[in-house]
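Q: First, the structure itself, so that you have it in front of you.
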Amino acid sequence: MTIKFQFFTLNNDRSQFTFLDMSSSTFHKEKEILLSQNYEVLDDIIYAKTSEEAVEHYKSDYIYVLEETTKAINPLYSLILFIIESTRAYFKRK
């Protein structure tokens, strides 16, 4: 299941960040609190399966967006990626 995360920075410094799960029932209240503490919304929403993956995407400075776009528009890349991921999944089960 993919989760939507929104990232916030302090003083526009990407190393000083926090994030919220947008599906949380307390998201809007927590967002108000962060904004009142001078945090700013940074970049777009990040879709990820876990918070760790979201942080990894955030720290990659959106290189992953280019990778995702490439996957979506290049059928050969998609086929190669499918083979690689299938192989990983197969050996992970053993």
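Q: Which residues, counting only those in segment 13-27, are part of a loop (DSSP other than H, G, I, E, B), of a type outside the set (A, V, I, L, M, F, W, C) and under 19 Å from residue 53 (Cβ atoms)?
A: Scanning segment 13-27 gives 23, 24.
Q: How about segment 28-51: which of its residues are in a strand (DSSP E or B) and not charged (D, E, K, R)?
A: Residues satisfying the conditions are 39, 41, 42, 45, 46, 47, 48.
Q: Also, I was wondering about something else. Can we say residue 7 is under 21 Å from residue 61 (Cβ atoms), surrounded by 10 or more Cβ atoms within 10 Å (Cβ to Cβ) and touching an Asp or Glu at 6+ places or on another chain (Cβ under 7 Å)?
A: yes
Q: Filter segment 51-94 for residues that are closer than 26 Å to residue 17 by Cβ and of a type in the set (Phe, Trp, Tyr); which is modelled with the highest pLDDT?
A: Among them, the one singled out is 58.
Q: Restricting to segment 23-46, give me the number of residues that are under 14 Å from residue 2 (Cα atoms) and either loosely packed, with under 15 Cβ neighbours inside 10 Å or in contact (Cβ under 8 Å) with a residue 60 or more places away in the chain (or both).
A: Total meeting the criteria: 3.
The values are calculated or read from the model by the stated rules, or taken from the named source; none is laboratory data. Predicted model, so just to flag it, every value in this text is computed and none were measured. Here the Cβ is made from the backbone with ideal geometry for all residues, glycine too, and neighbour counts use every protein chain on show.
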